[in-house]
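Worksheet: one structure, shown below.
The values are calculated or read from the model by the stated rules, or taken from the named source; none is laboratory data. The structure displayed is predicted, hence computed values, not measured ones. Using ideal geometry, Cβ is built from the backbone for each residue, glycine included, and neighbour counts are taken over all protein chains shown. Quick note on the areas: whole protein, heavy atoms, side chains included, nothing else; ligands and nucleic acids left out. Shrake-Rupley method; radii C 1.70, N 1.55, O 1.52, S 1.80 Å.
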Amino acid sequence: MTRFLAILLLLAAVGGGLYYLLTMETVEDVKVTGKLQISQQFGNYVKASQADDGSYFAVVEGKIKNNLGKPIKNVFIKYMIAGQETSATVFDVAPGQEIHFNTRGVNTSASNPEYDFLGIYYD
C-alpha cells in the first residue's frame, strides 16, 4: 500500500512539473507582429472582368521588438502575401526598442489575400 502511494506521489510530482514547464510563457529574443493592410487600386490595374472587384495593393504593417540584451543590425523581415514574397528592412534595433515597419507592397486581385510570416534574419 505504501509503495502504491509513493508511486502515485512521484507521478503527481512529475506531472505537475511537466505542466509547469509547458505552460510557462517564454520571451522571444526578437518579437515580430504584423497585420495585413489592403487598399483598392483604380486605373491601369482594373480589367473589364474585374470592374466591380478592382485590383488591390497589400502590405504588412507591423512592429519588431528587440528583447536581447544587445543591439541587432540589418534586420530582414520576410512575409508571403498572395503567393508573392515581400520584405521589410530595419537597420538598427537597440535592446528593448520597438520599431514600426511596412513591407514592400504586392499587387493582387484578392480583396483579402492570405499572408504568412516567413521569418526574420539579422546580424
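Across segment 24-39, which residue is nearest to Phe76 (Cα to Cα) among those that are open to solvent by 80 Å² or more (accessible area, probe 1.4 Å) and at pLDDT 60 or above? Please lay out each step first, then the result.
Here is the first cut: in segment 24-39, the residues open to solvent by 80 Å² or more (accessible area, probe 1.4 Å) are 24-29, 31, 35.
Restricting the remaining residues to those that are at pLDDT 60 or above gives 27-29, 31, 35.
On the way: Val27: 20, Glu28: 17, Asp29: 15, Lys31: 13, Lys35: 17 Å.
Filtering segment 24-39 for residues that are open to solvent by 80 Å² or more (accessible area, probe 1.4 Å) and at pLDDT 60 or above, the one nearest to Phe76 (Cα to Cα) comes out as Lys31.
Restricting attention to segment 70-123 and to residues that are assigned to a strand (DSSP E or B) and of a type in the set (Gly, Ala, Ser), the residue that is surrounded by the most Cβ atoms within 10 Å (Cβ to Cβ) turns out to be Ala88.
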